[in-house]
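Peer 1: Quick one: the structure is below, and I'll ask about it shortly.
Every number in this text was worked out from the coordinates using simple rules, so none of it is lab data. It should be emphasised that the depicted structure is a prediction, and the values quoted were computed from it without experimental measurement. Every residue, glycine among them, receives a Cβ derived from its backbone with ideal geometry; neighbour counts consider all protein chains shown.
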Amino acid sequence: MVDNLTKAQRSYCMSRIKSMGTKPELNHKGKAFSFLYQSKTFGSPDFINYKTKVAVFIDGCFWHKCPKHYVEPKSNKKYWLPKLERNATRAKEVNIAYKSAGWKVVRIWEHELK
């Protein structure tokens, strides 16, 4: 399928996609009283509790290849498939790093919050 936007238009659209401060995060920001909303930490957890050593990640169904809702992109597969695979690999590496440091990692799918 051919992209119906110019390269500049597509670039603008993609630049508007946020990696932090997303709706699922903001909807639960006030509900996580004992957690800090801090993304400057390794792996960019959505919420973190240093006292209990818990890192919470809210993973988007598309960006992290949710087994229930992931739909493979129809266009520009050469770009998207490796990118999405890197996201999944990075998430596994972050899990290993936190767990080996004695932390508990909680990963929540975007669809679980609706």
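Peer 1: Which FRET efficiency, nearest 0.05, do R107 and R16 yield, Cβ-Cβ r, R0 25 Å?
Peer 2: On the way: r = 25 Å, r/R0 = 1.00.
After rounding to 0.05, the efficiency reads 0.50.
Peer 1: Same structure again: Which far-off residues, 5 or more places away or on another chain, put their amide H under 5 Å from the one on I58, with H placed in the peptide plane?
Peer 2: The list, which skips near neighbours in sequence, is D46, I108.
Peer 1: So which of K7/K74; K77/K114; K68/K114; K7/K114 end up more than 22 Å apart, counting from Cα to Cα?
Peer 2: Numbers: K7/K74 17 Å; K77/K114 29 Å; K68/K114 14 Å; K7/K114 33 Å.
Going by Cα-Cα distance, K77/K114; K7/K114 fall outside the 22 Å limit.
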